[in-house]
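> Have a look at this one.
The values are calculated or read from the model by the stated rules, or taken from the named source; none is laboratory data. Keep in mind that this is a model prediction, so the values were computed, not measured. Cβ coordinates were reconstructed from backbone atoms using ideal geometry, including for glycine residues, and neighbour counts include every protein chain displayed.
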2 protein chains.
Amino acid sequence: MSLILFQRKEIEMVPVRISNRAHNTPPSPIRKLAHLAAKAKKSGTHVYHLNIGQPDIESPPEFFEGLRAFNQKVVAYEQSQGYEGLSIAWSNYINKTLQINTRPEQFLITVGASEALVFLFMTCCDPGDEIIIFDPTYANYLGFAAIAGVQLVPVLSNMENNFALPARSEIAQGITNRTRAILLCNPNNPTGTVYSREEISFLHELCEEHNLFLIVDETYREFVYDELKPLSILHLVPKSPRVIVVDSLSKRFSLCGARIGCLLTCNDEVLAMTLKIAQARLAAPTIDQFASAYMLEHIKDDYLENTRKEFQSRRDALYNALKEIPDVAVHKPKGAFYTVAHLPVSDAEAFAAFLLADFSYKNQTTFIAPASGFYMQNLQGIQKARFAFVLKKSEIEAAIEALAAGLDQYLRRRARN
Amino acid sequence: MSLILFQRKEIEMVPVRISNRAHNTPPSPIRKLAHLAAKAKKSGTHVYHLNIGQPDIESPPEFFEGLRAFNQKVVAYEQSQGYEGLSIAWSNYINKTLQINTRPEQFLITVGASEALVFLFMTCCDPGDEIIIFDPTYANYLGFAAIAGVQLVPVLSNMENNFALPARSEIAQGITNRTRAILLCNPNNPTGTVYSREEISFLHELCEEHNLFLIVDETYREFVYDELKPLSILHLVPKSPRVIVVDSLSKRFSLCGARIGCLLTCNDEVLAMTLKIAQARLAAPTIDQFASAYMLEHIKDDYLENTRKEFQSRRDALYNALKEIPDVAVHKPKGAFYTVAHLPVSDAEAFAAFLLADFSYKNQTTFIAPASGFYMQNLQGIQKARFAFVLKKSEIEAAIEALAAGLDQYLRRRARN
């Protein structure tokens, strides 16, 4: 008995040391409150997930046909740069939908856009080097930066201005001799902002001036509303060696779980250097690549257009419902499937937790992502939340009805205390 | 015209800067000569691939049944820690085959063992921290270290001693105040060495003494020959908080392209910290996880035993053929599906390139992996090569026949010059 105690004590006294890097990696603000949602569900409450960009749209039947068409007997490694058939299909798809010219050799297939971004952070930056981002930003960029030891430098965009790109002079102020790249997500996650041709254009000029990479995450490229047309950085500067496009099938084709992304550049050195990093992890999943290539080759033209229309109507439903709630300020997004709203609470995370843990309305509640995790300057987001309009219109309406009731109850309680 | 020249010149004068990290990431020694192999094939020569651990064994039919059993309409994100059904199935599989007790909560599912190792390098080490490895080592560990900014410290194992673990004192000499972990691959890639209970045991003691993590890559655990039984570190110290097992379905079930690996530990802090890093990349592929779980639940008991027997017979074929070649020294591996041989050439990489680029025998040639890329102390491997016995016995025999003829021709040519 004393021996057992002694051994336990020894282990407690000298725990094996975990890295500062791991300690400093931020938890995902999207998944942070998931345990409260799980609890609410267990107690029988229906939870509307507006917290995560997981669309409920059915994946294209052509993807499942592709799965069934895989008839190799051995599920072998693919090439590190990706399945050639997928690079060809993706290049054709982009050339057709955007009316531009890319070649399959410009593609490196990755495990989601996430992996492409981690690779690029490593290829463009040594530890301590800097990348300019726009605040609020896709929260996982912070995680990639922690992984790669890269310093993200935020330049603030403002809700009052529909989160448009900050002025050129403000961005230039963020550039130091350690800046290696500017990273833009267009259309934007979390704001839903679609940047104009002029904005993208001056950003590229700024990169030329300071000899920086311009990394454009175009995961949501085709999700633009109100008569806008998809605009790629490649429309503007198709041959720029400083431009790297990150792309993904996850959202566009409701294939988040297939984990198929890519990077695309005409800079051969970037491709060659990134390939060495890609070789260390061997390859992206073989069957998902095969099924994705099959899908891109066979998909019907109307799939994307129908999806786009559906999201536009959901956007309208969310925007209209949110702006009816007293003291809620909301920006009408032109793209992607997110918006950021300002709530009349002092701490949106405490309110989000309240909705899941201490509230239900008609046996339902709503899961929203507190925006502080999307801001590097956290305080800028403390009264805001990100809403993903990834559910059916009727569900979005019910979700916002529940949220409004929750907000009312939350504010009354606070007033009483 | 002059404008175009000016622009080109400008681009050439100020290329966008690629990181030192990317420049310093070593290319894969396994895939390095692939372009020569591709050329040989184009010219009609059959190339025997003994360079890469890609088995030709058919993947289990239960995996393909699992693919067909996936009937969700949306290919959605899985949880960041992995599909719960897969953790349960994997835990059950390990408990059954190894007669030990693991729980599903101890697993974190990753995109191959590769991703598990990158995560662990990051969780255990800050940039500049050190991990002890044994030279020769699995070449991709060098890539993971470059990605994570970790310093690998090699302790040499010797072919004369069948690449057994170095003496405790030699290993202890490599430990500094920045050492955070010892990494062992058992059975070993590239040597095929299977470490004894005593060797693993003293390694764990050494880790206790210096408060280090012990990471054991057990990708090849079930591939042991000559009456040996699979031995996991968990047989010895099932509850040690410093032990982390890395595992993979790639080799065991000939599923390299499914990209399904895991890490397994009873250290909750390691799991929680690694999960944050895992959240940044969202999740491993959904369908591959589902099919893998289905396979582990339904696979027939004899699949692995038949595979093991097949590899043992290939091992014998390779070993017997190699030791007949004059001046070739070869070690008889007890596990995995690799061996390292010493060749009577001054530079095994030049010889490997010769086999692909300047030689054929009966219209065939052999692709071997030069061993210098598997040694951190490169010179130790300059006369050696790694052979993977992943082809059918008859093909291995033909491959070594071609290699022997190539060696003879190569040595004659060198003697003439």
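> Could you list, in sequence order, the residues of the stretch A:308-345 that are assigned to a loop (DSSP other than H, G, I, E, B) and β-branched (Val, Ile, Thr)?
A:Ile325, A:Val328, A:Val345
Yes/no matrix, rows are residues, columns are (1) in contact (Cβ under 8 Å) with a residue 12 or more places away in the chain; (2) in contact with a Leu (Cβ under 7 Å, 6 or more places away or on another chain); (3) over 30 Å from B:Gly149 (Cα atoms):
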position: B:Pro61; (1), (2), (3): no, no, yes
position: B:Glu78; (1), (2), (3): yes, no, no
position: B:Trp90; (1), (2), (3): yes, yes, yes
position: B:Gln106; (1), (2), (3): yes, yes, no
position: B:Ser114; (1), (2), (3): yes, yes, no
position: B:Leu117; (1), (2), (3): yes, no, no
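Yes/no per residue for (1) over 18 Å from A:Arg281 (Cα atoms); (2) surrounded by fewer than 23 Cβ atoms within 10 Å (Cβ to Cβ); (3) touching a residue at least 40 places away in the same chain (Cβ under 8 Å):
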residue: B:Phe144; (1), (2), (3): no, no, no
residue: B:Asn158; (1), (2), (3): yes, yes, no
residue: B:Pro166; (1), (2), (3): yes, yes, no
residue: B:Ser169; (1), (2), (3): yes, yes, no
residue: B:Ala172; (1), (2), (3): yes, yes, no
residue: B:Ile182; (1), (2), (3): yes, no, yes
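> Which residue is farthest from the other protein chains (Cβ to nearest Cβ), if the candidates are limited to the stretch B:264-274 and must be touching a Leu at 6+ places or on another chain (Cβ under 7 Å) and assigned to a helix (DSSP H, G or I)?
Top of the filtered list is B:Leu271.
> Just give me the residues in the stretch B:92-122 being hydroxyl-bearing (Ser, Thr, Tyr) and within 11 Å of B:Ala293 (Cβ to Cβ), in sequence order.
Correct list: B:Tyr93 only.
> The conditions are (1) assigned to a helix (DSSP H, G or I); (2) farther than 30 Å from B:Pro60 by Cβ; (3) in contact with a strand residue (DSSP E or B) (Cβ under 6 Å, 6 or more places away or on another chain), and B:Tyr410 fails exactly one of them. Which is it?
Just one mismatch for B:Tyr410, condition (3).
> Do any residues in the stretch A:206-225 that are away from chain B (no Cβ under 11 Å) have Cβ atoms under 6 Å from those of residues that are polar (S, T, N, Q) and in a strand (DSSP E or B), where the two are at least six apart or on different chains, and which pairs are they?
Hits for this filter: A:Thr219/A:Ser248.
> For the stretch A:382-400: of the residues being assigned to a helix (DSSP H, G or I) and touching a strand residue (DSSP E or B) at 6+ places or on another chain (Cβ under 7 Å), which is nearest to A:His331 (Cα to Cα)?
The extreme case among them is A:Ala399.
> While we're on this one: List the number of the failed condition for A:Ser250; all other conditions in (1) among the hydroxyl-bearing types (Ser, Thr, Tyr); (2) touching a Cys at 6+ places or on another chain (Cβ under 6 Å); (3) part of a helix (DSSP H, G or I) hold.
Going through (1) among the hydroxyl-bearing types (Ser, Thr, Tyr); (2) touching a Cys at 6+ places or on another chain (Cβ under 6 Å); (3) part of a helix (DSSP H, G or I) one by one, A:Ser250 breaks only (3).
> Of the residues that sit in the stretch A:275-305 and are more than 7 Å from every other protein chain (Cβ to nearest Cβ) and among the hydroxyl-bearing types (Ser, Thr, Tyr), which one is farthest from A:Glu58 (Cα to Cα)?
A:Tyr294
> With outside the structural domain of B:Thr339 (by TED's automatic domain parsing) and within 25 Å of B:Pro127 (Cβ to Cβ) as the only criterion, which of B:Phe253, B:Phe213, B:Phe202, B:Phe163 stands out?
B:Phe213
> Which residues, counting only those in the stretch A:105-152, are of a type outside the set (A, V, I, L, M) and closer than 20 Å to A:Ile30 by Cα?
A:Gly112, A:Ser114, A:Glu115, A:Phe134, A:Asp135, A:Pro136, A:Thr137, A:Tyr138, A:Asn140, A:Tyr141, A:Gly143, A:Phe144
> Quick check on B:Tyr195: is it in a loop (DSSP other than H, G, I, E, B) and without any contact (Cβ under 8 Å) to a residue 60 or more places away in the chain?
Yes.
> Residues that are touching a Gly at 6+ places or on another chain (Cβ under 8 Å): find the helices (runs of 4 or more DSSP H) completely inside the stretch A:53-132 holding 1 or more of those.
The qualifying helices (runs of 4 or more DSSP H) are A:112-124.
> Please pick out the residue among A:Ile88, A:Ile100, A:Ile131 that is at pLDDT 95 or above, surrounded by 24 or more Cβ atoms within 10 Å (Cβ to Cβ) and not assigned by TED's automatic domain parsing to the domain that holds A:Ala369.
A:Ile131
> Could you tell me which residue of the stretch A:15-46 is surrounded by the most Cβ atoms within 10 Å (Cβ to Cβ), considering only residues that are free of Cβ contacts under 8 Å to residues at least 12 places away in the same chain and more than 30 Å from B:Ile215 (Cβ to Cβ)?
In this case the residue turns out to be A:Lys41.
Residues checked against (1) at pLDDT 95 or above; (2) surrounded by 24 or more Cβ atoms within 10 Å (Cβ to Cβ):
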{"residue": "A:Ser346", "(1), (2)": "yes, no"}
{"residue": "A:Leu356", "(1), (2)": "yes, yes"}
{"residue": "A:Tyr361", "(1), (2)": "yes, no"}
{"residue": "A:Gln364", "(1), (2)": "yes, no"}
{"residue": "A:Met376", "(1), (2)": "no, no"}
{"residue": "A:Phe387", "(1), (2)": "yes, yes"}
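> For A:His342, only one of the following conditions fails: (1) out of contact with any Leu (no Cβ under 9 Å at 6 or more places or on another chain); (2) in contact (Cβ under 8 Å) with a residue 12 or more places away in the chain; (3) surrounded by fewer than 16 Cβ atoms within 10 Å (Cβ to Cβ). What is its number?
All conditions pass for A:His342, except number (3).
> Could you say which residue among B:Leu379, B:Leu355, B:Leu411, B:Leu391 is under 25 Å from B:Asn161 (Cβ atoms) and either aromatic (Phe, Trp, Tyr) or in the same structural domain as B:Ala38 (by TED's automatic domain parsing) (or both)?
That would be B:Leu379, the only listed residue that is under 25 Å from B:Asn161 (Cβ atoms) and either aromatic (Phe, Trp, Tyr) or in the same structural domain as B:Ala38 (by TED's automatic domain parsing) (or both).
> Please verify whether A:Ser201 is out of contact with any helix residue (DSSP H, G or I) (no Cβ under 8 Å at 6 or more places or on another chain), surrounded by fewer than 20 Cβ atoms within 10 Å (Cβ to Cβ) and polar (S, T, N, Q), treating the condition exactly as stated.
Answer is no for this residue.
> Of all residues in the stretch B:86-119, which are facing chain A (nearest Cβ under 10 Å) and in contact with a Ser or Thr (Cβ under 7 Å, 6 or more places away or on another chain)?
B:Gly112, B:Ala113, B:Phe119
> Test of understanding: among B:Ile299, B:Ile382, which residue is in contact with a Pro (Cβ under 6 Å, 6 or more places away or on another chain) and touching a residue at least 24 places away in the same chain (Cβ under 8 Å)?
B:Ile299
> Residues of the stretch A:127-177 being among the aliphatic types (A, V, I, L, M) and more than 20 Å from the chain's Cα centre (by Cα), which ones?
Hits for the stretch A:127-177 are A:Ala167, A:Ile171, A:Ala172, A:Ile175.
> Here's another thing I want to ask about it. Here's a check for you: in the stretch A:346-381, which residue that is among the hydroxyl-bearing types (Ser, Thr, Tyr) and assigned to a strand (DSSP E or B) is farthest from the chain's Cα centre (by Cα)?
A:Tyr361
> Can you name every residue in the stretch B:47-69 that is surrounded by fewer than 21 Cβ atoms within 10 Å (Cβ to Cβ), closer than 22 Å to B:Pro370 by Cβ and at the interface with another protein chain (Cβ under 8 Å from one of its Cβ atoms)?
Of everything in the stretch B:47-69, those that are surrounded by fewer than 21 Cβ atoms within 10 Å (Cβ to Cβ), closer than 22 Å to B:Pro370 by Cβ and at the interface with another protein chain (Cβ under 8 Å from one of its Cβ atoms) turn out to be B:Ile52, B:Gln54.
> Then there is this: For the stretch A:263-272, which positions are more than 17 Å from B:His35 (Cβ to Cβ) and more than 22 Å from the chain's Cα centre (by Cα)?
A:Cys266, A:Asn267, A:Glu269, A:Val270
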